[in-house]
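Student: Starting off with a structure, shown below.
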Amino acid sequence: MEAYMVFDIGGTFIKYAVMDDSARKLRSGKLTTPKDGIDNFLMKLKEIVEENSDDFSLQGIAVSSPGAVNVKSGFIGGASAIPYIHGVNMIGLIEEKTGLRTAIENDANCAALAEGWLGAAKAADYYICIVVGTGIGGSIVLNQSILRGASLHGGEFGCMIMSAPLQDLQNTWSLVASTNALVKEVKRRKQLEEGTFNGEDVFRLAEEGDTIALECLSDFYKRLAIGIYNLQYALDPEKILIGGGISSRPEVIDGINRELIGLRNDVSTLQIEVEACLFGNDANLVGALFHFLHFKY
């Protein structure tokens, strides 16, 4: 049967799936991301393609990748945990290695496209997706197309400056309102030593009634709400979706929406509300496939 080979390239693992044109997974797996260079990386992709070629009529390869992806040229700018994917024509290299037509899209954009195709933004023509994790990123989507910007930095919401004093111009949204920022603040206030303390631990402490964790979470929601407020008034989308690991926690969405209500006043009268992304671990795979199927070459 006809199908598509889809890869989600991450710093630790490469997830892959054989999918049909409705994003149904027919086969899936993952492997450790090679650390020793582009040649081994390409060889691993080729091996997976060949393993699945006997059972499926593969029509092409869809890839979700970190970095500032130029979907037309195939070059990936910016930086990521996989240095060797940058500065080379990834589309050309994969096509040469596998013989299959290939399309590549940025991972955050893939997650957003998945939501518009089959997820929480399925009925929306214009929406934004904010991914909260180690930093804050995201995408702006209009009529199922990514608004990339002149320098491919559209949706880099985390670079917004969030502090009014001029001496704090480096206080970006990523630095003050990411999951990483939340964890750092709890560790600082509790005087914890370096270790494996993470976001899950913060929420566990809050559930146990820990005062510092509860206060830090309250500040976290406020900072997220302020950035979302700014984006709503700057971009005025139909929907604002929250992705990333924390989006699976209802209390996070409730906390942000509670703070957004508090920001309303006589001048700022819009009812701003966020929703959680529906797709979890498969979002990048689904969005990469959508990009492959709909991108105009």
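The values are calculated or read from the model by the stated rules, or taken from the named source; none is laboratory data. Keep in mind the model is a prediction, meaning the values are calculated, not measured. We place every Cβ from the backbone using ideal geometry, glycine too, and count neighbours over all the protein chains shown.
Student: Within region 109-124, track down each residue that is over 12 Å from ASN284 (Cβ atoms), surrounded by 24 or more Cβ atoms within 10 Å (Cβ to Cβ) and in contact with a helix residue (DSSP H, G or I) (Cβ under 7 Å, 6 or more places away or on another chain).
Tutor: ALA121
Student: Next question. Considering each residue of region 252-283, count those that are over 20 Å from the mean Cα position of the chain (by Cα) and not basic (Lys, Arg), and give that number.
Tutor: Counting residues in region 252-283 that are over 20 Å from the mean Cα position of the chain (by Cα) and not basic (Lys, Arg) gives 16.
Student: While we're here: So, restricting to helices (runs of 4 or more DSSP H) that lie completely within region 192-297, which ones have at least 2 residues that are in the same structural domain as TRP173 (by TED's automatic domain parsing) and without any contact (Cβ under 8 Å) to a residue 24 or more places away in the chain?
Tutor: By residue number, 199-207, 211-235, 250-262.
Student: Here's another thing I want to ask about it. Cβ-Cβ under 7 Å, sequence separation 6+ or interchain: first residue in region 63-84 and closer than 16 Å to ALA112 by Cβ, partner aromatic (Phe, Trp, Tyr) and at pLDDT below 90. Which pairs?
Tutor: Correct list of pairs: VAL71/PHE295.
Student: Specify the residue that is nearest to ALA288 (Cα to Cα); the eligible residues are those in region 1-31 that are among the hydroxyl-bearing types (Ser, Thr, Tyr) and within 20 Å of the chain's Cα centre (by Cα).
Tutor: Restricting to residues being among the hydroxyl-bearing types (Ser, Thr, Tyr) and within 20 Å of the chain's Cα centre (by Cα), the top hit is TYR16.
Student: If ALA164 meets every condition in (1) in a helix (DSSP H, G or I); (2) closer than 27 Å to SER139 by Cα; (3) at pLDDT below 95 apart from one, which number is that one?
Tutor: So the condition that ALA164 fails would be (1).
Student: Please enumerate the residues belonging to region 129-146 that are assigned to a loop (DSSP other than H, G, I, E, B) and farther than 20 Å from SER80 by Cβ.
Tutor: Result: ASN143, GLN144.
Student: Then there is this: Quick one: in region 85-108, of everything that is at pLDDT below 95 and part of a helix (DSSP H, G or I), which residue is surrounded by the most Cβ atoms within 10 Å (Cβ to Cβ)?
Tutor: Going through the qualifying residues, I end up with ALA108.
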